[in-house]
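Okay, so here's the structure we're looking at.
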Amino acid sequence: MTEIILFGIDFSTSSVIKITMIQSPRGMKDVLPPESGKWERLERTASGIFSSFGYKLLVTPVVEKTELFVRSVGEATDVVSKEMYVFTDRGGESICLRPEGTAPVMRAYLNSPELKSRTMKAWYWGPMFRYERPQKGRYRQFYQFGVEAIGSNSPYIDAEIIYMLDHFYKNLGILDVRVELNSIGCELCRPPYKVQLVDYLKSKSSELCEDCKKRIETNPLRVLDCKSETCSSVIKNVPLMGDFLCSDCKSHNNAVLKVLDDCGVKYSENPMLVRGLDYYSKTVFEFVSEQLGGRQNALGGGGRYDSLSEQIGAEKIPSVGYAGGVERTLLFMNDEDKKACDVYIAMLDDDTLRACAPIVFEAKKLSLGEDINFIDDDFKVRDIKKHLSKADKLGARFAIIAGSQELDSGSLIIKDLMLKKEEKITMHKNDAKRSAEAVVRRLLEKKNS
Ligand code: AMP
């Protein structure tokens, strides 16, 4: 990143001093327009779809006790061992910036007797923090949206979440996503599998990368999704969890696949999929896109975490959820918000501006929720040429234009800047609401035609 250096004068000593412009912290970025428009669309779509499936918004603090993640995500994971932002607060307590959203949601659920009395379906959205090496699609502060269903072991909920997310991504216009699924067993069938896996990996340890050599002891399942070339031949012949599943895990997995088949959701079974965090059991899944490629091909991932509640000090509560990366999802959304249309206001003189301001305010009020955005109107009077060139630069679809001629004849012009056509709308004297209704109605008709 280029550092901008300015020079100033320290008047007390009359010496020249260097003033360095402050940049955002490494791996953390501002979200500015027009990109922020895509963020809004993603949040709107998430809120609309998730709530229609019965998932209610749940907001947890950005800071949590460090122990929450040590006990849930697991000390052996990269997230906890290398990537957490940990601080000691003024009271001497170890706290951290949350690296993920599932453990906090579970904590909130366990802390609330009201939520605990039933199956809770929740969704969240917010910043997460991991001290990773920043690169495209990977930041130190990034955003995740997530859904969690806590309190049910029904395979229909696993399938519902996958179905809902498939619909969510398609609704955002991302047609190229595919869901990959696996079952990683439970506390009954995974330990015997792990013994076999570790034996096999130990016999091949000289052929593994340095990270995976360590993983044999700390987190052997993670060797399966190692992307390094060195490990690929060992991984090809590794024993698979699928051959060790107990009857409960097997029938749960079959039930999930059957519902997805019946609903027409396209998926592929990936026996190598294990997910990075410790707390998963049974169903695990990722939404991936080939366009991303390499290690960063996942838009998000999730699965069942039936024993997470026990790890943070409660009874066993079967649960399932998903977390998707916002920045990763944005890479696939196109720039223009096809449904929304931007409207530029062009007032040509002060008298007209005075007469039209109430109509403009009313029109903004009326267009709430209608995918009409009034953009960058600074209420400056300019000549028509300057206004239109500004509207063009901003990429506006329509301009609302008025000058002394329109004021005298009681009209407003709506110009379609894309089709280069314009029409007049009646300006009702002393009835801003009626005029604004006519303007918004016409904008909607034109936008949808
Ligand atoms: P995880 O919580 O590790 O399962 O990650 C879920 C999703 O969050 C990933 O598939 C990514 O889309 C996103 N994600 C995770 N870490 C980062 C990061 N450092 N920067 C941006 N997105 C991330």
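We did not get these values from a lab; they are worked out from the coordinates using the rules stated. Computed from a predicted model, the values in this text were never measured in an experiment. For neighbour counting, all protein chains shown are included, and Cβ atoms are generated from backbone atoms with ideal geometry for every residue, glycine included.
Could you list which residues have their amide H under 5 Å from that of Ser307, counting only those 5 or more apart in sequence or on another chain, with H placed in the peptide plane?
none
Which value does Rg/Rh take for segment 342-449 over its C-alpha atoms, Rh per Kirkwood? Please list the in-between numbers first.
Numbers: Rg = 12.4 Å, Rh = 13.6 Å.
That ratio is 0.92, to two decimals.
Name the residue farthest towards the positive end of the dipole of the chain from the options Ser117, Phe11, Gln196, assuming +1 on Cβ of Lys and Arg, -1 on Cβ of Asp and Glu, about the Cα centre.
Phe11
Rounded to two decimals, what ratio of Rg to Rh does the chain give with C-alpha atoms and a Kirkwood Rh? Don't jump to the answer; show the numbers that get you there.
Details: Rg = 27.8 Å, Rh = 25.7 Å.
Result: Rg/Rh = 1.08.
What are the ³J(HN,Hα) couplings of segment 22-34, residue after residue, when phi is run through the Karplus curve with 6.51, -1.76, 1.60 and θ = phi - 60°? Round to Hz, x for glycine and proline.
Residue by residue, segment 22-34 yields 7, 9, 5, x, 4, x, 10, 9, 7, 10, 10, x, x Hz.
Hey, can you rank 133-140, 396-403 by average C-beta count inside 10 Å, highest first? Mind showing how you got there, number by number?
Numbers: 133-140: 14.4, 396-403: 22.4.
Per-residue mean Cβ counts within 10 Å order the peptides as 396-403, 133-140.
Stretch Met418-Lys365 to full length: gain in nm at 0.36 nm per residue minus the Cα-Cα span? Please report the intermediate quantities before stating the final value.
On the way: separation 53, 0.36 × 53 = 19.08 nm, distance 2.46 nm.
Stretched fully, the Met418-Lys365 segment lengthens by 16.6 nm.
Based on the Cβ-Cβ distance of Ser232 and Ala314, what FRET efficiency does E = 1/(1 + (r/R0)^6) give at R0 = 41 Å, to the nearest 0.05?
Working: r = 40 Å, r/R0 = 0.99.
For Ser232 and Ala314, the calculated efficiency is 0.50.
Classify segment 146-296 from the C-alpha gyration tensor, please: rounded if a/c falls under 1.5, else prolate or oblate depending on whether a/b exceeds b/c. Please report the intermediate quantities before stating the final value.
Values: a/c = 2.32, a/b = 1.43, b/c = 1.62.
Oblate shape, in that a/c is at least 1.5 and b/c is the bigger or equal ratio.
What are the extents of the Cα atoms of segment 300-403 along their three principal axes, in Å, largest first?
71, 28, 19
Residues in segment 128-149 near a label at Val63, defined as backbone nitrogen under 17 Å from the 7 Å Cα→Cβ point?
Of the residues in segment 128-149, 128-130 have backbone N under 17 Å from the label point off Val63.
How big is segment 136-195 in terms of Cα radius of gyration and Dmax, in angstroms?
Cα-based Rg and Dmax for segment 136-195 come out at 15.8, 44 Å.
Hey, can you rank 150-161, 421-432 by average C-beta count inside 10 Å, highest first? Before the final figure, lay out each step's value.
Working: 150-161: 20.3, 421-432: 13.9.
Highest to lowest by the protection proxy: 150-161, 421-432.
Using the crude model of +1 on Lys and Arg Cβ and -1 on Asp and Glu Cβ, and no other charge, please compute the dipole size for segment 341-448 relative to its Cα centre, in debye to 20. It would help to have the intermediate numbers written out before the result.
Details: 21 positive and 20 negative charges, 42 e Å.
So the magnitude is around 200 debye.
Where the only charges are on Cβ atoms (+1 Lys, Arg; -1 Asp, Glu), what is the dipole of segment 1-135 about its Cα centre, to the nearest 20 debye? It would help to have the intermediate numbers written out before the result.
Working: 18 positive and 16 negative charges, 99 e Å.
The dipole of segment 1-135 has a size of about 480 debye.
About the Cα centre of the chain, what is the dipole size in debye to 20, counting +1 per Lys and Arg Cβ and -1 per Asp and Glu Cβ, all else neutral?
Numbers: 65 positive and 65 negative charges, 46 e Å.
Here the chain has a charge dipole of around 220 debye.
Under a crude label model (7 Å from the Cα following the beta-carbon direction), how far is Asp376 from Lys18 in nanometres?
For the pair Asp376/Lys18, the computed spacing is 3.6 nm.
Please report the spacing between the Cα centers of segment 365-431 and segment 120-156 in Å, no decimals.
Distance between centres, Cα-based: 42 Å.
Ordered by packing density, taken as the mean number of other Cβ atoms within 10 Å over each peptide's residues, highest first, how do 17-25, 50-58 rank?
Highest to lowest by the protection proxy: 50-58, 17-25.
Please name whichever of Leu277, Asn448, Ser289 sits farthest to the positive end of the charge dipole of the chain, dipole taken about the Cα centre and charges placed at Cβ: Lys and Arg +1, Asp and Glu -1.
Of Leu277, Asn448, Ser289, it is Asn448.
Take the chain, connect every pair of alpha-carbon atoms lying under 10 Å apart with a spring to form a Gaussian network, then pick out the residue of Asp199, Asp89, Asp378 with the largest mean-square fluctuation.
Evaluated over the chain, the most mobile residue of the options is Asp378.
In the neighborhood of Cys249, defined by Cβ-to-Cβ distances under 13 Å, what is the net charge if each Lys or Arg adds +1 and each Asp or Glu adds -1?
Details: positive: Arg190, Lys250, Lys282, Arg304; negative: Asp158, Glu187, Asp243, Asp248, Asp306.
Within the 13 Å Cβ shell, the charges total -1.
Quick check: residue separation of Asn430 and Asp199 times 0.36 nm, minus the Cα distance between them. What number comes out in nm?
Numbers: separation 231, 0.36 × 231 = 83.16 nm, distance 8.48 nm.
Length difference between fully extended and current span is 74.7 nm.
Give me the one-decimal nm value for the distance between modelled label points at Met272 and Ile384, 7 Å along each residue's Cα-to-Cβ direction.
In this crude spin-label approximation the distance works out to 6.4 nm.
Return the FRET efficiency for the residue pair Ser404, Asp176: r is the Cβ-Cβ distance, R0 is 51 Å, and the value is rounded to the nearest 0.05. The partial results should precede the final answer.
Values: r = 53 Å, r/R0 = 1.04.
It comes out at approximately 0.45.
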